[in-house]
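One structure below.
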Amino acid sequence: MNNQQLIALAEKYGNPLYVYDADRIVSQYHRMANAFSSVENLKINYAVKANSNINILKVLNKLNSGVDCVSIQEVKLAIEAGFNVKDIFFTPSGISFEEMEEATILGVQITLDSLSILEKFGNKYAHIPVCLRINPHVMAGGNHKISVGHIDSKFGISIHQIDGIKSILKKTGLVINGIHMHTGSDIYNIEAFLNATEILLNTVKEFDTIEFVDFGSGFKVPYKDGDIETNIEEMGVTLSNRFNNFCKEYGRDLTMIFEPGKFLVSEAGSLLVKVNVVKPTPNILFIGVDSGLNHLIRPMMYDSYHHITNISNPDGEEKIYDIVGYICENDTFGSNRSISEISENDILRIHNAGAYSFSMASNYNSRFRPAEVMLYNGEDYLIRKRENFEDLMRNQVILDL
Ligand code: LLP
């Protein structure tokens with residue numbers, strides 16, 4: 001996506017605007033598949049939570065990807081997008097038994113993550129093999145809010161509770177067909193993955209009915225030129241070798257699964273915003289844009305860095321700015337940023353807005369959520385309309401007061 005193309009899209013569809021480049025998603029998918037190509041049975045399950053626009057799901061479905069869903073609504077979206085239920089993996093945490101039953105009826109692969117639900121499930125559905133999410137008790141992830149494999153995390157069944165699992169299986173006759181873990185997001189340290197892998201594989205050895213091992217995700221993508229990222233190619237070689245050897249040891253050709261969200265869609269997306277105000281103050285040169293934490297909460301929630309460029313004046317003299325939103329909070333997209341000179345009405349591009357951006361957007365301050373556009377085979381398509389006032393009012397019940 002070059003600057004002229006993006007400016008033309010902002011003119012055509014208005015702003016703020018999410019733009020996704022489907023080619024980038026496709027190339028990331030192939031990059032991951034190639035990195036693990038020495039594994040005979042590899043499955044890449046896109047983590048729907050990262051970006052659940054149905055057209056993004058359709059692009060991935062065409063690649064033969066599977067999906068990782070964490071709510072029954074994500075499962076239904078995936079079915080709507082054309083995924084076969086055998087390619088839908090349901091890995092929720094702490095949901096109601098009723099929601100789990102709904103997923104069971106739809107026929108998707110279920111992952112359970114507590115002893116309590118394992119027992120309830122076994123008592124009623126002993127004939128349906130399930131996967132177990134374990135908690136490997138390793139600390140990994142770019143921020144404490146997105147580190148989920150450590151001992152104090154709510155996720156998974158502790159590796160110290162294997163005896164508890166076995167006794168439920170014995171009592172109910174339920175069979176375990178997969179073991180799953182997910183340790184966190186934005187992990188660049190391959191060692192952390194490999195350490196957790198050993199724990200995962202040791203858990204697999206405890207059961208003799210395993211068909212697949214789900215390594216979760218958490219690959220760190222670059223957020224700017226030269227930024228650190230998970231070396232997926234290097235990891236692919238090391239992890240594939242380890243996995244292939246393990247399969248021999250285990251005596252079965254297991255399937256290796258990953259559930260990437262950011263890796264597939266983060267870099268494919270941009271949020272285009274328009275400059276409402278250039279506001280010098282004694283200390284800071286603020287740039288106020290027509291968006292805010294309601295559209296992209298990552299900088300405020302995880303202190304995430306999102307690169308920002310001025311696509312209306314890319315070659316201007318660089319100045320130092322704070323780019324802020326229009327929400328009545330201190331919502332900041334970036335502080336102390338060196339950006340080519342910004343004027344009112346310029347269009348700024350916020351990079352890496354393909355993952356956890358629209359999907360975490362809200363109507364805070366009663367603002368509309370932006371439109372979404374996808375570039376696909378050289379054409380641009382509107383894939384979600386901008387919200388309007390009727391959308392804000394739709395579910396409100398007006399009392400006659
Ligand atoms: N699998 C499971 C079970 C997960 O919980 C997640 C993300 C993924 C896969 C995908 O992880 P990824 O490849 O995207 O790192 N909102 C946060 C990230 C939260 C991730 C939650 N789980 C952010 O914007 O950084």
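The values are calculated or read from the model by the stated rules, or taken from the named source; none is laboratory data. These numbers come from a predicted model, not from an experiment. Neighbour counts run over all protein chains shown; Cβ positions are idealised from the backbone, glycine included. The area values use the complete protein model at the heavy-atom level, side chains included, leaving out ligands, DNA and RNA. Shrake-Rupley method; radii C 1.70, N 1.55, O 1.52, S 1.80 Å.
See the values below:
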read-out: Whichever lysines have a C-alpha closer than 19 Å to that of Lys279, once near sequence neighbours (fewer than 8 apart) are set aside; value: Lys319
read-out: Cα-based reach from Lys274 at 16 Å (exclusive), listing lysines while leaving out same-chain residues under 8 positions away; value: Lys12
read-out: For region 381-401 and region 167-206, distance of Cα centres in Å; value: 43 Å
read-out: Reachable lysines, given that their alpha-carbon falls under 26 Å from the alpha-carbon of Lys170 and they are not under 8 places away in the same chain; value: Lys120, Lys124, Lys154, Lys205
read-out: Solvent-accessible area, 1.4 Å probe, carbon plus sulfur percent, for region 92-258; value: 49 percent
read-out: Separation of the Asp225 and Asn3 label points, Cα + 7 Å toward Cβ, nm; value: 1.2 nm
read-out: Convex hull volume per residue for the chain, taking Cα atoms only, in Å³; value: 165 Å³
read-out: Residue-normalised accessible area of the chain, given per residue in Å² at a 1.4 Å probe; value: 45 Å²
read-out: Rounded to 5, percent antiparallel among DSSP beta bridges of region 116-241; value: 10 percent
read-out: Local net charge near Arg242, Cβ-Cβ under 14 Å (Lys/Arg +1, Asp/Glu -1); value: -2
read-out: Whole-percent carbon and sulfur share, accessible surface of region 342-392, 1.4 Å; value: 44 percent
read-out: Gaussian network model of the chain, springs between alpha carbon atoms under 10 Å - residue of Asp253, Asp227, Asp331 with greatest fluctuation; value: Asp227
read-out: Potential extension, Ser359-Thr238 segment - 0.36 nm per residue separation minus Cα distance; value: 40.3 nm
read-out: Beta bridge orientation in the chain: antiparallel %, DSSP, nearest 5; value: 45 percent
read-out: Distance from region 51-90 to region 314-344 (C-alpha centre basis), Å; value: 36 Å
read-out: For peptides 110-116, 393-399, 334-340, 126-132, sequence by mean Cβ density within 10 Å, most packed first; value: 110-116, 126-132, 334-340, 393-399
read-out: Length released on extending from Ile95 to Ser27, taking residue separation times 0.36 nm less the Cα-Cα span; value: 21.1 nm
read-out: Extended-chain gain in nm, criterion 0.36 nm per residue less alpha-carbon gap, Ser366 and Leu115; value: 86.2 nm
read-out: Among 377-385, 197-205, the order from most to least packed when residues are scored by Cβ within 10 Å on average; value: 197-205, 377-385
read-out: Separation of the Ile151 and Asp400 label points, Cα + 7 Å toward Cβ, nm; value: 6.2 nm
read-out: Ordering of 42-51, 186-195 by packing [mean C-beta count within 10 Å, highest first]; value: 42-51, 186-195
read-out: Cα pair distances exceeding 28 angstrom across region 92-258, given as percent; value: 24 percent
read-out: Cβ-based charge dipole, the chain, positive-most Cα from Asn51, Pro222, Ser65; value: Ser65
